[in-house]
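The values are calculated or read from the model by the stated rules, or taken from the named source; none is laboratory data. Note that this is a predicted model, so its numbers are computed, not measured. Cβ: placed from backbone, ideal geometry, glycine included. Neighbour counts: every protein chain shown. These accessible areas exclude ligands, DNA and RNA; they are computed on the full protein's heavy atoms, side chains included. Shrake-Rupley method; radii C 1.70, N 1.55, O 1.52, S 1.80 Å.
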Amino acid sequence: MSWQDFASLDALEACKNLGSVCENGLSAQEARRRLLAQGKNRVSSAHLSAGQIFWRQLKSPFIYLLLFASLLSFVLQNFAEGFMIILFIFINTALGFFQEYRSEKTAQMLSRLITWRSKVIRGGKEQSVLTEELVAGDIILLETGDKVGADARLIYTQNFSVDESALTGESVAVFKESERCHVGDGGLEAALNMVFAGTAVVGGKATAIITATGLKTEFGQIAGLVAKTKRVSSFEVGINKFSNFILKLTLVTLAFVILLNFIIKGSSLNWLELIIFAIALAIGVIPEALPLVMTFSFSKGAAKLAKKKVVVKRLSAVEDLGNIEILCSDKTGTLTENRLQVAERFASESGKEEEVLLFSLLASAAAADSGDPFDESIRLAAGKSGRQWRENYQVLFDSPFDPRYLRNNVLAEKDGKVIFLVRGALEVIAPMCSQGEIEAAQAWAKEQGRRGRRVLAIASKPIDNLDFDDFCARFREEEQSLSLRGLISFVDPVKASTISAVGKAKELGVGIKVITGDSLDVAAAVGFEVGLCQSPEEAISAADFNKLDEVGKEEALRRYHIFARVAPEQKHDIIKRLQAQYSVGYLGDGINDAPALKAAGVSLAVDNASDIAREAADIILLENDLNIIIEGIREGRAIFANSIKYIKATLASNFGNFYAVAIASLLIDYLPMLPLQILLLNLVSDFPMIAIAGDNVDDEELLTPRRYEVRDIIIAALALGVISTIFDFVFFALFSRISPQVLQTNWFIASTLTELLFIFSIRSRLSIFKARRPSAILAYLTVPAALLAIIIPYTRFGQDFFAFTPPAPQHLLWILGIALLYLVSTEIFKLLYYRQKNLRLGPSSRLSADI
C-alpha cells in the first residue's frame with residue numbers, strides 16, 4: 001500500500017493492515033522475522049572507494065591516447081620520451097586521486113545517519129533500537145528533537161509539528177494530526193497524518209506505526225532516482241570530442257603522407273625509416289601534457305576554494321562551475337535561512353505595534369519549549385525586555401495550536417485582571433472580533449501574503465468574575481466579541497549573501513532559476529526580492545508546468561525563473577530538460593534536491609545539507625556565503641581559458657610543424673628531422689606549456705560562460721598552424737641545401753623557439769602589449785627551455801645521441817630574426833581574426849563562442 005492509502009485509513013485500520021497492535025506493537029520474534037524478510041531500514045551509501053576514485057582518474061580517451069603514445073616511444077627505443085609520458089600520466093593521476101580522495105573523506109566525515117536510535121513499543125514495552133532495525137508495523141514514539149527514521153502513519157498526536165523542508169521544501173513546520181485524511185492529488189505536504197523518513201520533529205509528541213522502510217520510503221525512492229541518474233560533465237564531453245578529433249585527424253594525415261611517399265619515391269622508399277618517422281610525427285602531435293595542465297589547474301582552483309572552506313569532491317567540477325550558463329537553486333536553506341523571523345506588525349489602534357508583539361509573546365506561552373518557529377521568532381523579536389514584561393503575567397490556562405481550528409488560546413492574569421487571548425489565522429480570528437480595524441487588517445494581510453509572508457492575528461478580551469473550571473469546560477464559547485489587537489507577518493529571510501551573489505551571477509552572464517517545493521507565493525516573493533523577476537506573478541507552479549505540451553514546456557523553461565511546488569522527480573525532469581540545451585549547475589540542500597543535484601552538470605550543496613544531498617554534490621560549501629559560488633565561477637572560467645590556451649598553442653605549433661616536416665619529407669631524399677629530434681622538440685616545448693595552468697587571465701575572458709566548441713578551436717588552431725607551416729618552409733628553404741644535419745639541427749632550434757614565442761601570443765586575445773602580464777612561472781620555464789634548445793647541439797651528448805651539429809652563429813641570428821617575424825605575424829593574424837569574429841557575432845555574443 002502507498003502512503004496515500006494509509007493516510008485515508010483511520011489509525012486502527014492502518015494497524016490492522018500492517019498486522020500490528022496499536023497498544024503493544026509487534027512481538028520481538030515477529031520484528032526479527034520481518035527484519036529478515038524486509039531487510040534493514042537503510043539506503044545504500046553512495047560514497048566512493050579509493051579504488052573507484054583511482055580508476056576515475058584513468059577513464060579518459062586522452063589517457064588512453066597517451067598510453068598508446070608511450071608504447072610507441074618504447075617501440076622506437078626512445079625511453080626518455082616514453083618514461084616522460086608515463087611520468088605525466090602518473091603525476092596527473094596522483095594529483096587527481098589525492099585531491100578527490102581527501103575531499104571524499106571530508107564528505108564522509110560530514111555525513112550523519114538519519115538517526116542513531118529510535119524508540120519503539122515491542123511486546124507492550126518501550127525500548128530503544130537501531131534505526132536500521134525498524135520494520136513495517138513497528139509502533140514508534142516521537143518527540144521534540146527526534147529525526148523520523150521511516151515513513152509512518154500517526155496514531156496519536158499532542159501539539160505535534162514536523163519540519164519537512166528537507167523533503168518538500170516547505171520552510172514552515174507542519175502541524176500533524178492522527179485523523180484520517182484524503183490526499184487526492186496533493187503531494188507530501190497534504191499528508192497531515194503521515195511522517196516521513198529524514199524529517200525532524202520540532203514540537204510535541206506522537207505515536208505512529210511504520211508503513212515503509214529502506215528503499216520503500218519516500219526518502220528511499222528519491223535515493224533510487226539518484227542512483228539511476230548518470231552524470232556526464234561538460235568537461236568530459238568536450239575533452240572526449242577533442243581527443244577523438246585529434247586521433248582521427250592524425251591517423252588520416254599520416255596515412256596520406258605514407259601514401260604520397262610511396263607514390264613519389266616508389267621502390268627507393270625505406271619503409272622502416274618512414275614508419276618510424278611517421279610514428280614520431282604522431283607522438284609529436286599529441287598534446288601529452290594536457291591532462292597534467294588540467295589537473296594542475298583543477299588542483300590550484302580547488303586549493304583556492306578550500307581556503308574559503310569549500311570541499312571539491314570532483315576536481316573537474318571546478319571548470320564545469322565556470323562553464324555553467326544557468327544556475328538553478330532550491331530556495332529553502334540555500335537562498336533563504338530556513339528560519340522564520342518577524343517581518344512587520346499591524347496594530348488595530350495607532351501606536352500599539354509593540355503591544356501586538358508582546359501579547360503575541362504571551363500567547364506563545366503554551367509552546368514555550370516546543371521549538372515552534374513562529375513562537376521562536378516572536379521571542380527573538382521581543383528580546384529581553386519582552387520576556388521581562390511576560391513574567392508579570394501568570395498563565396492560568398492554555399490550549400495548544402490545533403490544526404483543526406487553526407488557533408491557540410491562553411488565559412492569563414496580571415494584578416487581578418484576567419485576559420483571554422486567541423492567536424491564529426486571520427480568516428479564523430476575524431469572525432470572532434466585534435472590535436478593531438478588520439477591513440484594514442484584511443487588506444494588510446493580503447499585501448503581506450502577496451509578498452510571500454505568513455500572517456498571525458492576535459485578539460483578546462477581558463474576563464470578569466472568572467469561574468476557572470467553568471471556563472476550561474467551555475472556553476470555545478468565549479471565542480466571540482473579541483477585540484482585534486493586530487497582526488504579525490513572518491518571513492524566511494533571504495541570506496545576506498544571496499542578493500549580491502545573484503547580482504554578480506547576472507554580471508557574469510549566468511541565468512538564475514529557483515526550483516522549490518515551497519508555495520508559489522513564497523517562492524515568487526523571494527524571486528522578486530533577490531531580483532529574479534519584475535513582479536511576484538512571474539512564477540509558475542509544477543502543476544501548471546505539467547499541463548503544458550512539450551513546446552509549451554520549452555517556452556516556460558525560457559520564460560520563467562521561479563518554479564514552485566516542485567516534487568523531487570519534477571526537479572529532476574526540469575534539470576534534465578535544461579541540461580539538454582545549456583550547461584546547468586544546481587544548488588540544493590534537501591533530500592528532495594538529490595536527484596536534481598545528480599542530473600546537473602555541476603552540483604553544489606550548502607553546509608547544512610542532508611546526507612544524500614552532500615553525497616550527490618560535486619562541491620560542498622561549508623560556510624553560509626553564496627558569493628563563494630561566484631568566486632568559483634570566476635576560477636572555473638580562468639581554468640577553462642588556460643586550458644584553451646594550451647590546446648590552441650599545442651595544436652597550432654604541433655600541426656604546423658607536423659605538416660611542414662611531413663611535406664618536406666616528400667621533397668628530399670632524407671628525413672628533414674630525425675624521430676628522436678621530433679620527440680625532443682615535443683619534450684622541450686611542453687615543459688613551459690605546463691605553466692599555462694597557472695597563467696594570468698584577461699578580465700574579458702571571465703565575462704561569459706564558455707563551452708568546448710571543438711570545431712571553432714580546431715579552425716583557429718589550424719589557421720594559426722598554417723602560419724607556422726609557412727615559416728617552417730622558410731627555414732627549410734634556408735638550410736635544406738647546406739646539409740641534412742644542418743637542416744635538422746637548425747629546424748629543431750627554430751621550431752622550439754617559435755613554439756615558445758607562440759605561447760606568449762596565443763595566451764590572450766589582446767595584443768601582446770595590452771594583455772595581462774604572463775605568470776612568473778611561465779617566464780621562468782620558457783627561458784631555460786629556449787637556452788636548452790640552443791645549447792644542446794653544441795654538447796657531445798646532443799651530437800652523439802641526437803645527431804645534431806653545432807650551428808653557425810650566422811644561422812642562429814637568422815633563426816632569431818625569423819622567429820621574431822613569426823611572432824609579429826601571429827599577432828597580426830590573431831588580432832584580425834578576433835576582430836572579424838567579433839563583428840560577425842555582434843557585441844552581445846562577442847564572448848559566447850570559444851576559440
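Roughly to the nearest percent, how much of the accessible area of region 569-683 is carbon and sulfur, given a 1.4 Å probe?
52 percent
Between L787 and Q29, how many nm apart are label points set 7 Å from Cα along the C-beta direction?
Simple spin-label model gives 8.8 nm for this pair.
Tell me the per residue accessible area of the chain using a 1.4 Å probe; a whole number in Å² is fine.
For the chain, the per-residue accessible area is 42 Å².
Any idea what angle helix 218-228 forms with the longest principal axis of the chain, computed on alpha-carbon atoms, 0 to 90 degrees, nearest 10?
That works out to roughly 10 degrees.
Using 1/(1 + (r/R0)^6) with R0 = 51 angstrom and r between the beta carbons of K446 and C22, what's the FRET efficiency to the nearest 0.05?
The calculated FRET efficiency here is 0.70.
Could you give the length gained by full extension between M1 and E537, i.e. 0.36 nm per residue of separation minus their alpha carbon distance, to one decimal place?
189.1 nm
Can you pull out the chymotrypsin sites (Phe, Trp or Tyr not before Pro) in region 372-476 whose DSSP state is coil and whose Cβ has at most 15 other Cβ atoms within 10 Å?
Counting only loop positions with at most 15 other Cβ atoms within 10 Å, the chymotrypsin sites (Phe, Trp or Tyr not before Pro) in region 372-476 are Y405.
Of the peptides 587-595, 672-680, 646-654, how do they stack up when ordered by the mean number of other Cβ atoms within 10 Å, highest first?
587-595, 646-654, 672-680
Relative contact order (percent) for the chain, with alpha-carbon contacts under 8 angstrom and 6 or more residues of separation?
With pairs under 8 Å counted, the relative contact order is 13 percent.
Under a point spin-label approximation (7 Å from Cα along Cα-to-Cβ), what is the L766-L249 distance to one decimal in nm?
Placing both labels 7 Å along Cα→Cβ, they lie 2.8 nm apart.
Shape call for region 1-46 from the C-alpha gyration tensor, a ≥ b ≥ c root eigenvalues: rounded (a/c under 1.5), prolate (a/b greater than b/c) or oblate?
On the way: a/c = 2.90, a/b = 1.27, b/c = 2.28.
Here region 1-46 falls in the oblate category.
Calculate the length of the line joining the C-alpha centroid of region 687-704 to that of region 335-365, in whole Å.
54 Å
Subtracting the Cα-Cα distance from 0.36 nm times the residue separation, let me have the gained length for E13 to E126 in nm, one decimal.
Between E13 and E126, full extension yields an extra 38.5 nm.
Roll a 1.4 Å probe over the protein heavy atoms and report the accessible area of V43 in Å², nearest 10.
40 Å²
Specify the angular offset, from 0 to 90 degrees and rounded to the nearest 10, of the alpha carbon long axis of helix 809-841 from the longest principal axis of the alpha carbons in the chain.
40 degrees
Could you tell me how many degrees, from 0 to 90 and to the nearest 10, lie between the Cα long axis of helix 290-306 and the main elongation axis, the longest principal axis, of the Cα atoms of the chain?
That works out to roughly 30 degrees.
Pairs to check: K313/K648; K313/K513; K119/K205; K147/K313; K241/K648; K40/K119. Give those whose C-alpha atoms are more than 18 Å from each other in this structure.
Values: K313/K648 29 Å; K313/K513 24 Å; K119/K205 12 Å; K147/K313 27 Å; K241/K648 15 Å; K40/K119 16 Å.
As for pairs spanning more than 18 Å Cα to Cα, those are K313/K648; K313/K513; K147/K313.
Given an 8 Å cut-off on Cα distances and at least 6 residues of separation, report the relative contact order of region 498-632 as a percent.
21 percent
How would D544, D800, D518 rank on accessible area, largest to smallest, probe 1.4 Å?
Numbers: D544 75, D800 110, D518 0 Å².
I get D800, D544, D518, largest accessible area first.
If I model a spin label at E700 and I275 as a point 7 Å from the Cα along the Cα→Cβ vector, what separation in nanometres do I get?
Label at E700, label at I275, 5.1 nm between them.
Can you list the residues, at least 5 places off or on another chain, whose amide H is less than 5 Å from the amide H of A771, using H built in the peptide plane?
So A771 has HN proximity to no qualifying residue.
Starting from the amide H of V418, placed 1.01 Å from N in the peptide plane, find each other amide H under 5 Å away whose residue is 5 or more places distant or on another chain.
Those lying under 5 Å, H to H, from V418 are I463.
Please give the Cα centre distance for region 593-659 versus region 511-528, rounded to the nearest Å.
Region 593-659 and region 511-528 have Cα centres spaced 25 Å from each other.
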